[in-house]
Amino acid sequence: MMNQDQYHASLLGKKLDTEEVGWSGITRASRPKAMAPEPPNTTDPEQSIERIKRDDPELRRLNLNNVKTISEEQFGRLCEAASSNSRLEGLLCSNTHMGDTYAEKLVQLIESNPNIKEISIESNFISPPMIARLVKALLVHKSVETFRAANQRSQVLGNKIEMEITKYVEQNPNLLQFGLHFDFNDARARVCNQLQKNRDRLRELRHSGGIAPPADTTSLEDVMSSEPPNDYSIQLPATDSLPARAGGLRQPASDDRPDGLADDLAAKAVRVAADLSAGLGPIGADAEQVARDLTTVARDVDRVAEDVEQAVADVSRTVTDITKTAQDVEELEMRLERDFLDGERR
């Protein structure tokens with residue numbers, strides 16, 4: 001048996017020649033390192049209220065965690081001042097002995113301030129119905145992206161409250177982080193699914209350059225599988241050497257498309273080359289060469305497709321042979337069993 005120090009020393013090839021750690025004697029646990037206690041939160045509630053009233057541009061995130069001396073009257077004045085503040089984005093009030101009366105004022109703050117993005121009220125004494133009211137208040141402006149309310153007085157929310165909270169979360173397309181413990185798998189799975197949908201929508205918004213997909217999109221897969229627009233015509237600008245074409249590049253009609261893959265691609269390439277020749281003048285020759293190259297590539301693709309079809313046919317024949325062999329083996333087993341029974345009767 002080894003302790004952690006001996007184990008890591010054996011992996012690194014170090015010598016253990018200290019008095020407390022060695023290879024002789026009884027193995028004992030290593031003494032934990034003395035760590036300095038976390039310093040108390042020195043945030044002054046009165047000073048914070050004054051800064052919020054002044055709309056201090058440097059006060060973006062107010063951290064009142066572990067400040068247990070803030071009174072209900074102070075918290076009420078703080079929420080009232082923050083209701084009209086345009087700079088504050090985060091309010092952290094974890095482990096502040098907050099009850100339902102405090103949370104009632106927080107509900108008013110959330111409903112009146114559209115700039116709040118983060119709310120943390122963990123490790124307090126808020127009842128489950130009040131937590132549901134707080135989550136419902138997030139739907140007024142839908143600006144809060146992070147909401148944490150775990151470890152309250154009542155560890156069990158109950159099925160009714162969990163389903164109510166789940167309903168509110170599913171109506172919020174901007175909530176990204178939600179810290180709350182659920183006992184029922186249905187509520188937990190639905191909340192996780194909604195948070196994932198919100199993140200997928202945010203990622204689509206970022207990748208599309210600011211064009212957001214609809215908020216009722218069920219998932220990222222639905223966004224990616226949506227039908228693209230039918231019109232892909234290119235409008236060529238009018239210049240001295242490049243005349244304008246009103247219709248752009250002509251799309252091939254659906255009724256004149258060949259059935260084969262190679263013929264289809266070749267026809268498209270020829271039409272594109274013709275349009276480019278008419279609109280670009282001397283550049284059209286290069287376009288025709290590109291069209292011929294595309295035709296060659298398309299025929300190669302068609303040949304590869306034929307090879308794949310042949311391979312699929314070979315696999316199908318192999319499966320048929322294996323099935324027939326299995327049937328023959330089964331018939332042989334039945335014949336041997338009948339012979340064995342006939343031998344016993346004799």
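With respect to Gly247, is the statement that it is on the phi < 0 side of the Ramachandran plot and modelled with pLDDT under 55 true? Here the answer is yes, as Gly247 does meet what is asked.
For Val156, the conditions (1) of a type in the set (A, V, I, L, M, F, W, C); (2) closer than 26 Å to Leu202 by Cβ; (3) over 22 Å from the mean Cα position of the chain (by Cα) all hold with the exception of (2).
Matching residues to (1) within 19 Å of Gln177 (Cα to Cα); (2) surrounded by 17 or more Cβ atoms within 10 Å (Cβ to Cβ):
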position: Arg51; (1), (2): no, yes
position: Arg54; (1), (2): no, no
position: Gln74; (1), (2): no, no
position: Ser83; (1), (2): no, yes
position: Asn115; (1), (2): yes, no
position: Ser120; (1), (2): yes, yes
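Considered as a group, the residues in the stretch 70-88 that are part of a loop (DSSP other than H, G, I, E, B) and in contact with a Ser or Thr (Cβ under 9 Å, 6 or more places away or on another chain) include one that is nearest to Arg133 (Cα to Cα), and that residue is Ser84. No other residue among Leu106, Leu64, Leu88 is buried (at least 17 other Cβ atoms within 10 Å of the Cβ), closer than 30 Å to Lys160 by Cβ, touching a Leu at 6+ places or on another chain (Cβ under 7 Å) and of a type in the set (A, V, I, L, M, F, W, C) apart from Leu106.
The values are calculated or read from the model by the stated rules, or taken from the named source; none is laboratory data. Since the model is a prediction, treat every value here as computed from it, not as a measurement. Using ideal geometry, Cβ is built from the backbone for each residue, glycine included, and neighbour counts are taken over all protein chains shown.
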